[in-house]
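Working notes, beginning with the structure itself.
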Amino acid sequence: MQSIDKFNFAGKKAFVRVDFNVPLDENFKITDDTRMRAALPTLKKIIGDGGSVIIGSHLGRPKGVADKFSLKHILGHLSELLGVDVQFANDCIGEEAALKAAALQAGEALLLENLRFYAEEEGKPRGLAEDASDEEKKAAKKALKEKQKDFAKTLASYADCYVNDAFGTAHRAHASTAIMADYFDADHKMFGYLMEKEVKAVEKVMKDIARPFTAIMGGSKVSSKIEIIENLLGKVDNLIITGGMTYTFTKAQGGKIGNSIVENDKLDLALDLMKKAKENNVNLVLAVDAKIADSFSNDAKTDFAKVSEIPDGWEGLDIGPETEKIYAEVIKNSKTILWNGPTGVFEFENFTHGSRSVGEAIVEATKNGAFSLVGGGDSVACVNKFGMADKVSYVSTGGGALLEAIEGKTLPGIAAVEGLPY
Ligand code: AMP
């Protein structure tokens, strides 16, 4: 596999798949340009070398061509960030795109229109009748697969090399995120800088692990995290399961959880995960006390209780002080830390204390040499809210992609560049 740092882009055209799926307000103004900034090192390196870039991205989830999802809305800001007057192709394939790509000179940049205006990008058939039979759906999917290859080949034909810098979509086998890599040899496809950083961070928690390794999994439901928890049970030394998931474990062990959030159909699963943790010599750490509330509201009356003795009419919305101490002790003694999901309803100011204390312990461990990776929308929101983003080792930009990587799945966007099956 080629490395972006070693590759000299002088005189070369590079197709760069980025994730410019940025939030826009009703006037199409970008409200958070983090994703655009994240791709700048890659784009600047290519331009700085004397290459030119053809930039491909998706925006939103269009079901066809829709002005609302046009990437023209971000063109001005991209030009500003890049310091180059970026050109625009009103269609990501077709004559205009081909001509503009062919005419690109050293140091120039071309942004293609939203790749998802074509069903070929995702490979999901559109416009099928609601009552379409399974046979019809299958046939439509097969027909689209063929067209998807042509679409990928056309995109590939614009460039001499392919750079994937879109970690946020690395878990998708789409035309521009994976399939088009097949049209470049190993010396002409590579990760961008952002992708490289993400891949290295994931490797540090999945392969190249300094011990003790502690994972903190929070959030509301066990059901959405089963595969991750099962995979982590084969890897970690300590597993802190926290947030709303706590109460499914407490109830499964016969505790009284009042009105706390619970998945009654996952009680056996909780016991099974506890058994598996024991078999794998994993120290499973659960909360012992909770900050409880008499309603699901920031202004609710609050108190503290043991997690197994929550009175009726009350619910646990964060961890309590005893639990904070237990978690902090485990975290501070760790050399590798993965944090996904809050300890409580951190959206309510009065229930952020537990998540903040976890963040503080991670920051301290990081200062003492631990590698800490924070990922998944809510924990990223937490570290940003607490001003800790630059005090942990790495904050991942990929929600779904990171979670699938932690589940142990192969990410097509990564495998395709590495020339591996996906
Ligand atoms: P998830 O989307 O599964 O990662 O869960 C994140 C959500 O879990 C956040 O919106 C939190 O508000 C919520 N959450 C965390 N702890 C609790 C709790 N004790 N009760 C209800 N919701 C919770």
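Restricting attention to segment 279-288, does a residue exist that is assigned to a helix (DSSP H, G or I), more than 16 Å from the ligand (Cβ to nearest atom) and either without any contact (Cβ under 8 Å) to a residue 60 or more places away in the chain or open to solvent by less than 20 Å² (accessible area, probe 1.4 Å) (or both)?
So in segment 279-288, the residues assigned to a helix (DSSP H, G or I) come out as 279.
From what is left, the residues that are more than 16 Å from the ligand (Cβ to nearest atom) are 279.
Pick out the ones that are also either without any contact (Cβ under 8 Å) to a residue 60 or more places away in the chain or open to solvent by less than 20 Å² (accessible area, probe 1.4 Å) (or both) and you get 279.
Within segment 279-288, one or more residues are assigned to a helix (DSSP H, G or I), more than 16 Å from the ligand (Cβ to nearest atom) and either without any contact (Cβ under 8 Å) to a residue 60 or more places away in the chain or open to solvent by less than 20 Å² (accessible area, probe 1.4 Å) (or both).
Mind listing just one residue for me: the one in segment 219-231 that is outside any helix (DSSP H, G or I) and under 15 Å from E407 (Cα atoms) and, of those, least open to solvent (accessible area, probe 1.4 Å)? Walk me through how you get there before you give the answer.
Looking only at segment 219-231, we keep the residues that are outside any helix (DSSP H, G or I), and these are 219-225.
If we keep only those that are under 15 Å from E407 (Cα atoms) as well, we get 222-225.
Values: V222: 0, S223: 48, S224: 79, K225: 28 Å².
For segment 219-231, the residue satisfying everything is V222.
Restricting the first residue to segment 369-381 and requiring it to be touching a residue at least 60 places away in the same chain (Cβ under 8 Å), which pairs with a second residue that is among the β-branched types (V, I, T) meet a Cβ separation below 6 Å and a spacing of at least six or different chains?
So the pair list comes out as A370/I337; F371/T336; L373/V205.
Assess whether I179 counts as being surrounded by fewer than 24 Cβ atoms within 10 Å (Cβ to Cβ), more than 15 Å from the ligand (Cβ to nearest atom) and within 23 Å of I414 (Cα to Cα).
Criteria not met by I179.
State which residue pairs qualify: first residue without any contact (Cβ under 8 Å) to a residue 60 or more places away in the chain and inside segment 342-355, second residue part of a loop (DSSP other than H, G, I, E, B) and more than 9 Å from the ligand (Cβ to nearest atom) in any location, beta carbons under 7 Å apart, and separation of 6 or more residues or different chains.
F346/T352; F348/N298; E349/N298; N350/N298
Hey, G408 hits all of (1) buried (at least 17 other Cβ atoms within 10 Å of the Cβ); (2) under 23 Å from I226 (Cβ atoms) but one; which does it fall short on?
Exception for G408: condition (1).
Find the helices (runs of 4 or more DSSP H) located wholly in segment 305-417 whose residues include 1 or more that are among the polar types (S, T, N, Q), and list them.
The qualifying helices (runs of 4 or more DSSP H) are 321-332, 353-367, 377-385.
Give just the number: which of (1) within 16 Å of the ligand (Cβ to nearest atom); (2) without any contact (Cβ under 8 Å) to a residue 12 or more places away in the chain does G400 not satisfy?
Every listed condition holds for G400 apart from (2).
What pairs come up if the first residue lies in segment 216-228 and is closer than 22 Å to R356 by Cβ and within 6 Å of the ligand (Cβ to nearest atom), the second is open to solvent by less than 50 Å² (accessible area, probe 1.4 Å) and of a type in the set (A, V, I, L, M, F, W, C), and their beta carbons are under 7 Å apart, counting only those six or more places apart or on different chains?
Partner pairs satisfying both residue conditions: G219/M245.
Out of the residues in segment 232-256 meeting the condition of being assigned to a strand (DSSP E or B) and open to solvent by less than 10 Å² (accessible area, probe 1.4 Å), tell me which one is farthest from the ligand (Cβ to nearest atom).
Here the residue is L239.
List, please: which pairs have Cβ atoms under 6 Å, are six or more places apart or on different chains, and start with a residue in segment 230-245 that is farther than 13 Å from E279 by Cα and end with one that is among the charged types (D, E, K, R)?
Every condition considered, the pairs that remain are N231/E407.
One line per residue, one yes/no per condition, for (1) free of Cβ contacts under 8 Å to residues at least 24 places away in the same chain; (2) within 15 Å of the ligand (Cβ to nearest atom); (3) acidic (D, E):
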position: A293; (1), (2), (3): no, yes, no
position: K301; (1), (2), (3): yes, no, no
position: S308; (1), (2), (3): no, yes, no
position: W314; (1), (2), (3): no, yes, no
position: P321; (1), (2), (3): no, no, no
position: E324; (1), (2), (3): no, yes, yes
position: V330; (1), (2), (3): no, no, no
position: S334; (1), (2), (3): no, no, no
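Yes/no matrix, rows are residues, columns are (1) free of Cβ contacts under 8 Å to residues at least 60 places away in the same chain; (2) of a type outside the set (F, W, Y); (3) in contact with a helix residue (DSSP H, G or I) (Cβ under 6 Å, 6 or more places away or on another chain); (4) open to solvent by less than 20 Å² (accessible area, probe 1.4 Å):
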| site | (1), (2), (3), (4) |
| --- | --- |
| K6 | yes, yes, no, no |
| F9 | no, no, yes, yes |
| V18 | no, yes, yes, yes |
| D32 | yes, yes, no, no |
| G48 | yes, yes, no, no |
| H58 | no, yes, yes, yes |
| V65 | yes, yes, yes, no |
| G83 | yes, yes, no, no |
| I93 | no, yes, yes, no |
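V262 passes all but one of (1) free of Cβ contacts under 8 Å to residues at least 60 places away in the same chain; (2) more than 11 Å from the ligand (Cβ to nearest atom); (3) open to solvent by 20 Å² or more (accessible area, probe 1.4 Å); which number fails?
(2)
Take the residues in segment 372-391 that are open to solvent by 10 Å² or more (accessible area, probe 1.4 Å) and more than 27 Å from T177 (Cβ to Cβ); name whichever of them is modelled with the lowest pLDDT.
K385
The values are calculated or read from the model by the stated rules, or taken from the named source; none is laboratory data. Computed from a prediction, not measured in an experiment: that's the story for all the values here. Glycine also receives a Cβ, built like all others from the backbone with ideal geometry; neighbour counts cover every protein chain displayed. Each accessible area value is taken on the protein alone, full model and side chains, heavy atoms only, with ligands, DNA and RNA left out. Shrake-Rupley method; radii C 1.70, N 1.55, O 1.52, S 1.80 Å.
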